[in-house]
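The values are calculated or read from the model by the stated rules, or taken from the named source; none is laboratory data. None of these values were measured; they are calculated from a predicted model. All Cβ positions, glycine included, derive from the backbone under ideal geometry; neighbour counts span all protein chains shown. For the accessible areas, the whole protein counts, side chains as well, though only heavy atoms, and no ligand, DNA or RNA atoms are used. Shrake-Rupley method; radii C 1.70, N 1.55, O 1.52, S 1.80 Å.
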Amino acid sequence: PGQHVTGQASTMDVANTLLSAAALPLLAGTRSENLINRAMGAEVQPEPLLLVGREGMSLSEGWMYGVRSNGIKYIQHADASEMFFDLTSDPAEEHNIAAQQKQGVQAGRINVANLKKRMPNTPSDPDDASAERLKAMGYMQ
């Protein structure tokens, strides 16, 4: 209890961590890690995490993709603009250093392309009924 786990973790890890703590079977077919193992001192090979988000309240504004790995974060916007952050020196992501980090930006592009290939589905516009429900909940305009 109270163990601080360093390094990158994903919200996807929460499910298998809780299932493990409850002595229940872990979810199969996920890339989820049981964080209890890490808290007990197990070495974990960090994987880049794919970030997917909407540019705004309307899906027509497009999707942005990013990757977070080894203390850096790369973001690729729908308009093709890019952002790159050194999370170690700039954890609040206040300074976009993409112009100074050409090699890091190129690596980010490659990581995003590779991770997108592994996504089960690419984001798409919802059907009309789903769009109305999302609008009613304030997720869309």
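Is there any pair linking a residue in the stretch 71-84 that is under 15 Å from L50 (Cβ atoms) to one that is buried (at least 16 other Cβ atoms within 10 Å of the Cβ) and hydroxyl-bearing (S, T, Y), with Cβ under 7 Å and at least six apart or on different chains, and which? Matching pairs, first to second residue: Q76/Y65.
Return only the number of the condition from (1) under 15 Å from A113 (Cα atoms); (2) out of contact with any helix residue (DSSP H, G or I) (no Cβ under 7 Å at 6 or more places or on another chain) that G62 does not satisfy. Against the list (1) under 15 Å from A113 (Cα atoms); (2) out of contact with any helix residue (DSSP H, G or I) (no Cβ under 7 Å at 6 or more places or on another chain), G62 comes up short only on (1). Residue count for the stretch 128-141 under the criterion of being open to solvent by less than 60 Å² (accessible area, probe 1.4 Å) and modelled with pLDDT under 85: the result is 5. So for the stretch 82-95 (the condition being modelled with pLDDT of 85 or more, under 30 Å from G29 (Cβ atoms) and open to solvent by 50 Å² or more (accessible area, probe 1.4 Å)), does at least one residue qualify? No; the residues of the stretch 82-95 include none that is modelled with pLDDT of 85 or more, under 30 Å from G29 (Cβ atoms) and open to solvent by 50 Å² or more (accessible area, probe 1.4 Å).
Among the residues of the stretch 61-70, those identified as in contact (Cβ under 8 Å) with a residue 24 or more places away in the chain and open to solvent by 60 Å² or more (accessible area, probe 1.4 Å) are W63, R68, N70.
Going residue by residue through the stretch 111-127, is there one that turns out to be among the acidic types (D, E), over 28 Å from A9 (Cβ atoms) and at pLDDT below 85? Yes; the residues of the stretch 111-127 include at least one that is among the acidic types (D, E), over 28 Å from A9 (Cβ atoms) and at pLDDT below 85.
Determine if the stretch 20-27 includes at least one residue that is open to solvent by 90 Å² or more (accessible area, probe 1.4 Å), modelled with pLDDT under 75 and more than 28 Å from S81 (Cα to Cα). No, every residue in the stretch 20-27 fails to be open to solvent by 90 Å² or more (accessible area, probe 1.4 Å), modelled with pLDDT under 75 and more than 28 Å from S81 (Cα to Cα).
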